[in-house]
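Only one structure is covered here, and it is reproduced in the block below.
Read the figures in this text as sums done on the coordinates, not as results from a lab. Since this is a predicted model, take the numbers as computed values, not measurements. Counting neighbours? That spans all protein chains shown, and the Cβs are built from the backbone with ideal geometry, glycine included.
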Amino acid sequence: MHLAPGLPTDLETQMNPRASAEARERLKALYDLDKPLHQQYLIWAKKLLVFDLGTSFSADHRPVADKIMERIPITITLNVLSLLMIFLIAIPLGVLSAVHQDSLFDRIASLLVFIGFATPTFWLALLLMIFFGIQLGWLPVSGIRSLNYEYLPPGAAILDLGKHLILPVFLSAFGGLAGLSRYMRANMLEVIRQDYIMTARAKGLRESTVIYKHALRNALLPVITILGLSVPGLIGGSVIFETIFAIPGMGQLFYMSVMARDYPTVMGILFIGAILTLIGNLLADVGYALADPRIRVS
């Protein structure tokens, strides 16, 4: 952002013909933009030590923490629902593809997955918005709730919120579905060829017991790690989908802040994103321990 021409002060003064060069310099000094980059970073880091993310450069000049906190629940909700969708669809799809290797189901699933890999999600988002939102009118194409949301009864309010979430959640999970299902299939194929699986079958155990009790747990271990590492991708994808669907989340705030050269807000969102990534990795480690009794979380 600093390499691009222009400064945040230019955006504040360009609409005011009476803004003098001295006024611009005073604004630069107010925002510490007259200092070298390393000094600007040290000033930001010192504030961070006392949990101060600074003040936004935007017209409202609100604390960055307040702007992020009012939007982060929406982004977390979208990402959690996307992870659940990935988990509930990709894992069974990968398991069934491995168990029925080279069957018609496996070939169709592989074809759909490769189509998913090759489809740009932002293009698919626009396509689904046109089809389901404009032509059919089934789903809303912007926002997180309707204008009359506050006046709806509880049941209708939940339905309204769910209809607004369908497209963003599906598209946020779309890329992860394709990748994780293939990863799960490969892990499952490797596990079911192990000696202990062959021994379990030789003992006469039911095939469902062999697959879902013995093979699935071991095949899930690498997948749990991948799910934890997918958190940064989901957060990054929020910038695209929240902007496309006009969802007032942290991703949309990040996009608006970049366009406005709001450095404190951008840095604050990146910091919060890093914290969420660490939490995702921690949850992945906990899930790894739950799936494998040999591992304990101390």
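Annotation: for a label point projected 7 angstrom from Cα along Cα→Cβ of Phe114, residues of region 81-104 with backbone N closer than 18 Å are 94, 97-98, 101-104. Listed by chain and number, the lysines placed with their C-alpha closer than 30 angstrom to that of Lys163 are Lys67; residues fewer than eight positions away on the same chain are left out. Full extension of the chain segment joining Ala289 with Arg26 gains 89.1 nm, where the gain is 0.36 nm per residue of separation less the Cα-Cα distance. With only Cα atoms counted, region 73-291 has Rg and Dmax values of 20.2, 67 Å.
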